[in-house]
Amino acid sequence: MNHAFKNITLAVPEILFGLGVIEELGNRAKALGAANAMIITDEGVAAAGILSRVVGILEKSGVGYRVFDKVEKEPSVENVELAFKEASGASCRAIIGLGGGSSIDVSKMVAVLLKHGGNLRDYLGIEKVPGRGVPTILVPTTAGTGSEVSKYAIFDNRQAKTKLGAASGHLIADLAVVDPELTISMPPAVTAATGADAFIHAVEGYISTKATPLSDLLALEAVRIIYENLPAAFADGQNIPARYQMAYGSMLGGIVLNLASASASHALAYPIGSEYHVPHGVGCMLTFLEVMEYFAMADVPKFARMAQAMGVKTDGMSPRQAAQQAVEEMRKLVDYIEIPHKLSAINMDRNLIEPFAKSVVANQQRLLVNGPRKLNEKDIRTIYERSY
Ligand SMILES: [Fe+2]
């Protein structure tokens, strides 16, 4: 991809990254004027003891708070509305999002609704959010979505039978507190699913037609870091250096999304996620390898560089061989982390391939346009079929 004279817009929250930075949450919340904050989280985060740690930190700083812990896995529009109702009923004027991408995405939208009211459905789409929300701090407990730094929030729309997202600079939080310590309690399957999502952000962002020199710098580094560290974090959740690198790589992936966006694996995942409620990272992985097979020859130089970033010695290989080798390395990674990566693994009904392909064409052009190869409905059906 030729970058000549591309414009670059970089928007990210202020970021606090590192082991133990969560201890600064109370003072930072105070500085943002978060007098009565709503902590938006889920029951898993509470059960892991992370919520009580965060609550203790806020209490030490005298920050008042309420807790909403009913965020769904792969949250629906209705789930956001419920969180908003509780937050507005309690007169909350700040949001602390604590959890995986689900809690964080709900948090972003509730912050906007608290400030501007209106109907969430009107805000789905590109730049439809009316303005910034109330002060928002996002604290990830997984290393995957990168949502803590991104401008996206994605929800299941059960009427449309797909996931629909809001993309807006107004959704960028005031502060992201990324503490790798909070990711240690993730079980291996969650480490795999969320880590796969981060890896796909890095890869899809790197080969995106929206890529810029800045996004390339971050994306290729994220590919390298996640490829090197995801197996170790999967194999031993207590491996602090691997957890640290995964939190860092995932955050880079989130910045890459803002700069260059994801593409086809995400687009094809959304109808699957809406129908089968698989974790987002699994949904993306179900077609990822076939998407890569489809894309590799469309951008040989970038795939060859990804192969190098994943440790392949490409000397003596033709550019095409090197590009193909990138896909093989991705396959090895996916196999190692034991994540479902075939539609048969979730027993997907083959009769849904056709409506899903139609749904992707109708609803996910925002993502499809970024791939290095343009996919029509027939291509998408082929990818689903090869992924079975
Ligand atoms: Fe994702």
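The values are calculated or read from the model by the stated rules, or taken from the named source; none is laboratory data. Quick caveat: nothing in here was measured; it's all calculated off a predicted structure. With ideal geometry, Cβ positions are generated from the backbone for all residues, glycine too; neighbour counts draw on all protein chains shown. SASA here: full protein model, heavy atoms, side chains in, ligands and nucleic acids out. Shrake-Rupley method; radii C 1.70, N 1.55, O 1.52, S 1.80 Å.
Residues of the range 64-93 being farther than 13 Å from Val110 by Cα and open to solvent by 70 Å² or more (accessible area, probe 1.4 Å), which ones?
Hits for the range 64-93 are Arg66, Lys70, Lys73.
Have a look at Ser215, Ser263 and point out the one that is open to solvent by less than 10 Å² (accessible area, probe 1.4 Å), touching a Pro at 6+ places or on another chain (Cβ under 9 Å) and within 16 Å of the ligand (Cβ to nearest atom).
Values: Ser215 fails: touching a Pro at 6+ places or on another chain (Cβ under 9 Å).
After applying the criteria, what remains is Ser263.
Name the residue that is most open to solvent (accessible area, probe 1.4 Å), counting only residues in the range 351-370 that are hydrophobic (A, V, I, L, M, F, W, C) and more than 21 Å from the chain's Cα centre (by Cα).
Here is the first cut: in the range 351-370, the residues hydrophobic (A, V, I, L, M, F, W, C) are 352-353, 356-357, 360-362, 367-369.
This time we only want the ones that are more than 21 Å from the chain's Cα centre (by Cα), so: 352-353, 356-357, 361-362.
Values: Leu352: 38, Ile353: 7, Phe356: 14, Ala357: 0, Val361: 47, Ala362: 79 Å².
Per the criteria, the residue is Ala362.
Table: residues versus (1) at pLDDT below 95; (2) surrounded by fewer than 17 Cβ atoms within 10 Å (Cβ to Cβ); (3) within 24 Å of Ala143 (Cβ to Cβ).
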{"site": "Asn7", "(1), (2), (3)": "yes, yes, no"}
{"site": "Leu10", "(1), (2), (3)": "yes, yes, yes"}
{"site": "Ala35", "(1), (2), (3)": "yes, yes, no"}
{"site": "Thr41", "(1), (2), (3)": "no, no, yes"}
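When the range 263-298 is examined, which residues are found to be of a type in the set (Ser, Thr, Tyr) and part of a loop (DSSP other than H, G, I, E, B)?
Taking the range 263-298 first, the residues of a type in the set (Ser, Thr, Tyr) are 263, 265, 270, 274, 276, 287, 294.
Once the filter is applied, which keeps residues that are of a type in the set (Ser, Thr, Tyr) and part of a loop (DSSP other than H, G, I, E, B), the range 263-298 yields only Ser263.
Is it the case that Ser208 is in the same structural domain as Glu72 (by TED's automatic domain parsing), within 20 Å of Asn258 (Cα to Cα) and polar (S, T, N, Q)?
Values: in the same structural domain as Glu72 (by TED's automatic domain parsing): no; within 20 Å of Asn258 (Cα to Cα): yes; polar (S, T, N, Q): yes.
When the stated conditions are applied, Ser208 does not pass them.
Which members of the range 185-210 meet the condition of being surrounded by fewer than 24 Cβ atoms within 10 Å (Cβ to Cβ) and more than 15 Å from the ligand (Cβ to nearest atom)?
Restricting attention to the range 185-210, the residues satisfying the condition of being surrounded by fewer than 24 Cβ atoms within 10 Å (Cβ to Cβ) are 185, 187-190, 209-210.
Listed by number, the residues that qualify are Ser185, Pro187, Pro188, Ala189, Thr209, Lys210.
Show the residue pairs meeting these rules: Cβ distance below 6 Å; 6+ apart or different chains; first residue within the range 22-38 and under 22 Å from Asp69 (Cα atoms); second residue open to solvent by 80 Å² or more (accessible area, probe 1.4 Å).
Pairs that qualify, where the first residue is under 22 Å from Asp69 (Cα atoms) and the partner is open to solvent by 80 Å² or more (accessible area, probe 1.4 Å), are Gly26/Lys60; Asn36/Arg93; Met38/Arg66.
Those residues that are within 16 Å of the ligand (Cβ to nearest atom) and either of a type in the set (Ser, Thr, Tyr) or open to solvent by less than 10 Å² (accessible area, probe 1.4 Å) (or both), I need them from the range 102-139; list them, please. Outline the logic, then answer.
Here is the first cut: in the range 102-139, the residues within 16 Å of the ligand (Cβ to nearest atom) are 102-106, 108, 138.
Within the range 102-139, Ser102, Ser103, Ile104, Val106, Lys108, Leu138 meet the criteria.
Check the range 60-74 and report whether any residue there is in contact with a strand residue (DSSP E or B) (Cβ under 6 Å, 6 or more places away or on another chain) and within 16 Å of the ligand (Cβ to nearest atom).
yes
Take Thr136 and decide whether it is polar (S, T, N, Q) and in contact with a His (Cβ under 8 Å, 6 or more places away or on another chain). Steps first, please.
On the way: polar (S, T, N, Q): yes; in contact with a His (Cβ under 8 Å, 6 or more places away or on another chain): no.
For Thr136, the condition - polar (S, T, N, Q) and in contact with a His (Cβ under 8 Å, 6 or more places away or on another chain) - is not met.
Can you name every residue in the range 34-53 that is in a helix (DSSP H, G or I), closer than 17 Å to Glu86 by Cβ and of a type in the set (A, V, I, L, M)? Reasoning before the result, please.
Our first condition is that a residue be in a helix (DSSP H, G or I); within the range 34-53, this holds for 43-47, 50-53.
Subsequent filtering for residues that are closer than 17 Å to Glu86 by Cβ retains 43, 45-46, 51.
Answer for the range 34-53, where residues must be in a helix (DSSP H, G or I), closer than 17 Å to Glu86 by Cβ and of a type in the set (A, V, I, L, M): Val45, Ala46, Leu51.
With the checklist (1) open to solvent by 10 Å² or more (accessible area, probe 1.4 Å); (2) of a type in the set (A, V, I, L, M, F, W, C); (3) more than 27 Å from Val300 (Cβ to Cβ); (4) within 16 Å of the ligand (Cβ to nearest atom) in hand, flag the one item Ile272 doesn't pass.
All conditions are met except number (1).
Identify, from the list Leu257, Leu182, Leu220, the residue that is closer than 23 Å to Phe5 by Cα, away from the ligand (no atom under 16 Å from the Cβ), part of a helix (DSSP H, G or I) and touching a helix residue (DSSP H, G or I) at 6+ places or on another chain (Cβ under 6 Å). Show your work before the answer.
Numbers: Leu257 fails: away from the ligand (no atom under 16 Å from the Cβ); Leu182 fails: closer than 23 Å to Phe5 by Cα.
Answer to the check: Leu220.
Mind checking whether some residue in the range 77-86 is part of a loop (DSSP other than H, G, I, E, B), modelled with pLDDT of 95 or more and farther than 25 Å from Arg28 by Cβ?
Just the residues of the range 77-86 that are part of a loop (DSSP other than H, G, I, E, B), to begin with: none.
No, every residue in the range 77-86 fails to be part of a loop (DSSP other than H, G, I, E, B), modelled with pLDDT of 95 or more and farther than 25 Å from Arg28 by Cβ.
Return the residue satisfying two criteria in turn: it lies in the range 12-33 and is closer than 27 Å to Val80 by Cα and in a strand (DSSP E or B), and of such residues it is most open to solvent (accessible area, probe 1.4 Å).
The residue in question is Glu14.
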